1. Calculate the translational D of region 63-156 in whole µm² s⁻¹ from Stokes-Einstein, where the hydrodynamic radius comes from the Kirkwood formula applied to all Cα pairs, the temperature is 25 °C and the viscosity 0.890 mPa s.
2. Around Gly199, which amide H atoms from residues at least 5 apart in sequence, or from another chain, sit under 5 Å from its own amide H, with H modelled in the peptide plane?
3. Out of residues 5 or more away from Arg423 or on other chains, whose amide H comes under 5 Å of its own, with H placed 1.01 Å from N in the peptide plane?
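No value in this document is a laboratory result; all are computed from the given coordinates. In this text the structure is predicted, and so the values were computed from the model without any measurement.
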Amino acid sequence: MDTATDAARPAAPAGSGRDHVVVFPFMAKGHTLPLLHLASALAALPTGDAGATASLRVTVVTTPGNLAFARRRLPARVALVALPFPAHPDLPPGAESADALPSHSLFPAFLRATALLRDPFAAYLSSLPSPPLALVSDFFLGFTQRVAEDAGVPRVTFHGMSAFSLALCFSLATAPRPPPPPPIENGIDGGAAALRVPGFPEGFTIAEDEVPHAVAQAADVDDPVTRFLLDEVRDWEHRSWGVLVNSFDALDGDYAPLLESFYLPGARAWLVGPLFLLAAAGEDGDGDEDPEGCLPWLDERAAMSVVYVSFGTQVHVGAAQLDELAHGLVGSGHAFLWAVRSSSGHAWSPPVDVGPKGKVVRGWVPQRRVLAHPAVGGFLSHCGWNSVLESMAAGRPVLAWPVMAEQAANAKHVADVLGAGVRAGVKAGAKSALELVGRERVAAKVRELMDGGEAGERMRARAEDVGRAARAAVGEGGTSRIALQRMVDELRWSYSGGGGDDDERRDAARAEPNV
């Protein structure tokens, strides 16, 4: 096996596979970070044996180009193994992470390259002295389900989405589509009927222009990402032993049973988040990295006076929209900290003087620490789930500006269901044309987020409630901490060679978690 192993972080030592978990993240920072947090949390758990104090042995599998990023964010007790990243004719050398691709058009080629890791990964598993307790891997890495089945290892899949959004996307993708809306007559639009979503609570509907991009993309068999999912993921995903959800019961528990219904009977949705809190995030590598001086700048601002702005690491915003954002942020009258990632690269500069109230940064931002800073009063976000969860955990309301993937569903969850945010007014559904949001609307929406009168107070109070629930979920006796231990206990009960009925073992593990 041609496997590069970090010399300072050897693979898990020989021993019973019953206490060894392998974690395999997809190579994109938004997908990788939660599973690094999971690895840290798993390594801190006891084995589950009565009176035992030894930790689980955890190994994270990645590629050489992602090794340093992972190393900085994992405790020393977590092992790292690097599989050589497969060459692909359409990818530039060294492009081993989706957020490092020079163009999003290369993403399908990147996916195809990751699928070539199947044989090296199978060789790694076969090199272990005994099969591990479980494999936790990203859904994009569909080949891992086949490898795990061949090795007799339960695989837990990870989507990086909430139970709400994942269940919504699955439900919409499998439900019959309604008839098209009436045509425009005499200048009057017939309007799109609200869609009733199977399995969701009575009264829950979604407008046609709110249907997430991920759903429409999945229906387009000519789309190259859809073709990859059909070829490499679809027929294997539903066979997973369970699905790991980076969320918590108070936020997402109502949607877990619906999500479970899309998998084989007996599969569980394990709500174990927020994973960055469960992993003791202050020690996991978000750390002291603040090359742009964001935190000292915030220290000079008054409490709740700053809006933090970020569209994440994979969303590319065009220069014209960046211009309108800049004018709108300045025009709002509020201080702002803005992490910019432009589709035009570093050539873009604000067309207006941001003055002392504004700070524009292009490098790494310690986002969780920024959101937790007392000067930050709200978050203008693309509504990627990691960002939403970090904002909610910090008790900060969200100005929801979804762009792609399932972000429209996350925006609906936060603004309409939780009441912990407000929409920016963009039509982000797959059926909506891309629109330029003008500076006047940007300014008005920022003021609504940061001021907002009585409605704004209710929104902020709701965000604070969710934040308290998130912290309680990962505390001693919290629902997420219990769920993680129960998942490990059930895996141990079902480990190859154990006796007894699977259902009885599962019931016993659920009834008596080792917490």
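1. Value of D from the Cα-based Kirkwood radius: 168 µm²/s.
2. The list, which skips near neighbours in sequence, is empty: none.
3. Sorted by chain and number, the residues that satisfy this are Ala400.
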